[in-house]
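S.K.: There's a structure below that I have some questions on.
Just so it is clear, none of the values below were taken in a lab; they were calculated from the coordinates. Fair warning: this is a prediction, and the values are worked out from it, not measured in the lab. Here the Cβ is made from the backbone with ideal geometry for all residues, glycine too, and neighbour counts use every protein chain on show.
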Amino acid sequence: MSIVDVSHLKKYYQVHKKEPGLIGSLRSLVKRKYFDVKAVDNISFQIEEGELVGFIGPNGAGKTTTLKCLSGLLYPTSGFVSVLGFNPWDRKPPFLKQISLVMGQKNQLWWDLPAQESFILNREIYEIPQEKYQKTLDELTDLLEIKDILKVQVRKLSLGQRMKCELVAALLHSPKVLFLDEPTIGLDVVMQKKMRDFIKAYNRKYRATILLTSHYMGDVKELCERVIIIDKGKIIYDGKLGKIVEKYADHKEISVLFSQEIDPKKLIKIGAVKFYEFPRVVFSVPRSVASLAAAELLRKFPVADLDITEPPIEDIIREVFTGKDLA
Amino acid sequence: MRKYWALAKTSFQNSLVYRADSFLWGIGELVSTLVFLFIWIKIFGEKQVIAGFTLPETVTYLIGVGLIDNFIDTWVSYDLERDVQSGNLSNIIIRPVNYFFARVATNISEKPLNLIIRFCVYFLIALAFSSKFIVNQSLILLLFCGLSIVFAAAVNFLIHFLLGCVAFWTVRTRGTFGIFRPLSSIVAGGYAPISFFPPLFQKVAFLLPFAYTRYFPMLIYLQKISGGEVFKGFLVQLFWIAILYLMSRHLWHRGLKRYEGVGI
């Protein structure tokens, strides 16, 4: 049985539109027009134990809403959701004890007390045996290098330190399923890397199933073998990250370094020029003729170096988001 | 059970961080009690009894109600409003914790500090008016009074929890809360014994749970009601606790379905 099983999940919000201005405000006091926002519109997928899956999509795509439905925070409009065999919305204690949700900027630690106090409270709430608690705490604080700040008021910690403490607090009960919403948002590049390394290590060591949402391609590239692309509440793609390139990139890039001056006008015969600053030129050519184009270049031009690459994933995803023709 | 005790302990530690703030709040409450005391003493003038209350009984009543207020007061409606609007509610319901009892734990734990401060202050006032303050010597009555106060605290907590649930439906609750406190206080006999008000008012007041939060305990203390009436009063309190609890659960579940976790 899959750890996560979602079938035809829908979450619609009711929102009312207000006309601008004072008259609009008065009118909306009396009569309101409601309409549905289809945050999640009939999505289905399964996730197996130990997978690390990334949900990506433009803002407002429905990623966070999906995560909230999976963790039991939101009441679905319709559909079937099963996580670890439970219906998340029932929020049964055995279910809650095995999951954890970490939202980028949301604090669960008590602001005016040292992180240590929040950890102890969590130990009680999740009913973790003292020995196991101590062991897990030691492992986590070692991995994240925060042993020396546990007694400092959370208020006084830097953002990076706070996020590390938040992570520890979220993992003390060794959840089997971890939901991460924008885990590296607002962090500097060094912290981002540390965070990613930690998530990867955690996934490997504890075989925890991890679902994360992120805007940063860096997160996705580093962590996720499998990605689910959501846009406007629907799943556009569900599969290996590497395959997105094959499926959606209909072209390849040829990067050339010329050893001598060449006539720019002749370049157009090879293919679309994406970048031109002598001696370097980058072409974008249809996939099927990439090798032919490369051969042409080598034959007709003074080439010092030639490289055929896939277009960057960021570009492809951007094209997918902006609804470019994906035939 | 342990988890709610741990929650109470943590919350208590948290409240200690803001000692000065609690203290100042207490002083403010104290002033209004003093004002009322002076007003009523003046109103009594040479009269012996007003609406069944002698002057000493009235003085004792006002001081007593001030103390009871401390004990039964709750901020859970504000807690709920804040949790819903900030999205902090998500942090709580994602954990294996019952929100209602978690709030009971945090509300109770925030009281000891306030109680100690305010008790001292009211003790001083009682001393200042000692010629008019009635001290009840009967242990049994004091026990009953104490019990009624505990029930009163439960009733008050439930009322405010229900009020807080409004936050699931409206974004701004300032107006609702703003009217509620003073109104409910009057009807509870917070500013003057209920018997001081017109008969119709009294009839309505006793239909509502509020009268049993402040007026009833004081009636026990001042020995103004018979044993049978005390017993009946307890039954009414328990009745309200049951009804309000059921209403709270229902409203809570319905409200949660509407919760969108915004603010995150």
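S.K.: Calculate, in nm to one decimal, what A:Y34 and A:E225 gain on full extension: separation in residues at 0.36 nm each, minus their alpha carbon distance.
M.R.: On the way: separation 191, 0.36 × 191 = 68.76 nm, distance 4.04 nm.
Difference between extended and current length: 64.7 nm.
S.K.: Also: Determine one quarter of the surface area of the Cα convex hull of chain A, which equals its mean projected area, and express it in nm² to one decimal.
M.R.: On the way: hull surface 95.5 nm².
Reported value for the Cα convex hull: 23.9 nm².
S.K.: Can you give me the C-alpha center-to-center distance between the stretch B:98-118 and the stretch B:207-254, rounded to a whole angstrom?
M.R.: 20 Å
S.K.: Ranking B:V230, A:V289 by Cβ neighbours within 10 Å, fewest first, what do you get?
M.R.: Details: B:V230 19, A:V289 15.
The fewest-first ordering by Cβ neighbours comes to A:V289, B:V230.
S.K.: Could you check the spin-label model distance between B:L24 and A:E261? Points 7 Å from the Cα along Cα→Cβ, value in nm.
M.R.: Using points 7 Å along Cα→Cβ, the separation is 7.9 nm.
S.K.: What GluC sites (Glu not before Pro) does the stretch A:33-94 have in DSSP loop regions with at most 14 other beta carbons within 10 Å? Working shown, then result.
M.R.: On the way: sites: A:E48, A:E49, A:E51; in loops: A:E48, A:E49, A:E51.
Counting only loop positions with at most 14 other Cβ atoms within 10 Å, the GluC sites (Glu not before Pro) in the stretch A:33-94 are A:E48, A:E49.
S.K.: To make sure I understand the rule: partners must be lysines, Cα under 17 Å from the Cα of A:K269, and not fewer than 8 residues away in the same chain. Which ones qualify?
M.R.: Answer for A:K269, where 17 Å is the Cα cut-off: A:K252, A:K300, listed by chain and number.
S.K.: For a footprinting-style exposure proxy, rank B:W75, A:W110 by other Cβ within 10 Å, fewest first. Mind dumping the intermediate values first?
M.R.: Working: B:W75 15, A:W110 19.
Arranged by neighbour count, lowest to highest, B:W75, A:W110 become B:W75, A:W110.
S.K.: Order these by the 10 Å Cβ neighbour count, fewest first: B:S185, B:S15.
M.R.: Details: B:S185 16, B:S15 19.
So the residues, fewest neighbours to most, are B:S185, B:S15.
S.K.: How high is the FRET efficiency from A:D197 to B:E46, r the C-beta distance, R0 56 Å, rounded to 0.05? Each step should come with its number before you reach the end.
M.R.: On the way: r = 84 Å, r/R0 = 1.51.
The computed FRET efficiency comes out at 0.10.
S.K.: In addition: Under a plain spin-label model, where a point goes 7 Å from the Cα along Cα-to-Cβ, how far apart in nm are B:K232 and A:K240?
M.R.: About 8.1 nm separates the two model spin labels.
S.K.: Using a 10 Å cut-off on Cβ atoms, rank the peptides B:197-206, A:207-216 from the highest mean neighbour count down. Walk me through the numbers before you get to the answer.
M.R.: Values: B:197-206: 12.8, A:207-216: 21.2.
Going by the mean number of other Cβ atoms within 10 Å, highest first, we get A:207-216, B:197-206.
S.K.: Could you go through the stretch A:135-147 in sequence order and give the Karplus-derived ³J(HN,Hα) for each residue, using 6.51 cos²θ - 1.76 cosθ + 1.60 with θ = phi - 60°, rounded to whole Hz, and x for Gly and Pro?
M.R.: Along the stretch A:135-147, the couplings run 5, 4, 4, 4, 4, 5, 5, 5, 3, 9, 6, 10, 4 Hz.
S.K.: Here's something else I'd like to know. Can you give the average number of partner chain beta-carbon atoms within 10 Å of each beta-carbon in peptide B:94-105, as a whole number? Before the final figure, lay out each step's value.
M.R.: On the way: counts 15, 13, 12, 6, 1, 0, 0, 0, 1, 0, 0, 0.
Counting other chains' Cβ atoms within 10 Å and averaging over B:94-105 gives 4.
S.K.: Compute the angle between helix A:115-125 and the longest alpha-carbon principal axis of chain A, please, reported from 0 to 90 degrees and rounded to the nearest 10.
M.R.: Here the helix axis deviates by roughly 70 degrees.
S.K.: While we're here: What value, in deg cm²/dmol to 500, does the helix sum -39500 (n - 2.57) over DSSP H runs of n ≥ 4 give at 222 nm once divided by the residues of chain B? Display every interim value, and only then the final one.
M.R.: Details: 12 runs with 198 residues, N = 264.
One gets -25000 deg cm²/dmol as the mean residue ellipticity at 222 nm.
S.K.: Sticking with this one: Step through the table entries A:K106/B:K3; A:K200/B:K257; A:K92/A:K240; A:K176/A:K240, compare each Cα-Cα distance with 30 Å, and write down the pairs that go over it. Numbers along the way, then the final one.
M.R.: On the way: A:K106/B:K3 22 Å; A:K200/B:K257 34 Å; A:K92/A:K240 33 Å; A:K176/A:K240 22 Å.
Flagged as over cut-off: A:K200/B:K257; A:K92/A:K240.
S.K.: Then there is this: Principal axis extents for the stretch B:2-258, Cα atoms only, whole Å, descending order, please.
M.R.: Dimensions of the stretch B:2-258 along the principal axes of its Cα atoms: 61, 40, 36 Å.
S.K.: Distance between the C-alpha centers of the stretch A:113-140 and the stretch A:145-200? Whole Å please.
M.R.: 15 Å
S.K.: Tell me, what HN-Hα J-couplings in whole Hz come from the Karplus equation 6.51 cos²θ - 1.76 cosθ + 1.60 at θ = phi - 60° for each residue of the stretch B:125-134, using x for Gly and Pro?
M.R.: Listing the rounded values in order: 4, 4, 4, 4, 9, 4, 5, 10, 8, 8 Hz.
S.K.: Excluding residues fewer than 8 places away in the same chain, name every one of the aspartates and glutamates whose C-alpha is closer than 18 Å to that of A:K38.
M.R.: Cross-link targets: A:D231, B:E260.
S.K.: Next up: What is the calculated FRET efficiency for A:V282 to A:E127, with r their C-beta to C-beta distance and R₀ = 45 Å, to the nearest 0.05?
M.R.: Details: r = 59 Å, r/R0 = 1.30.
My answer for the efficiency is 0.15.
S.K.: Taking a cut-off of 16 Å between Cα atoms, list the aspartates and glutamates near A:K194, but don't count ones fewer than 8 places away on the same chain.
M.R.: A:E139, A:D142, A:E145, A:E166, A:E182, A:D219, A:E222
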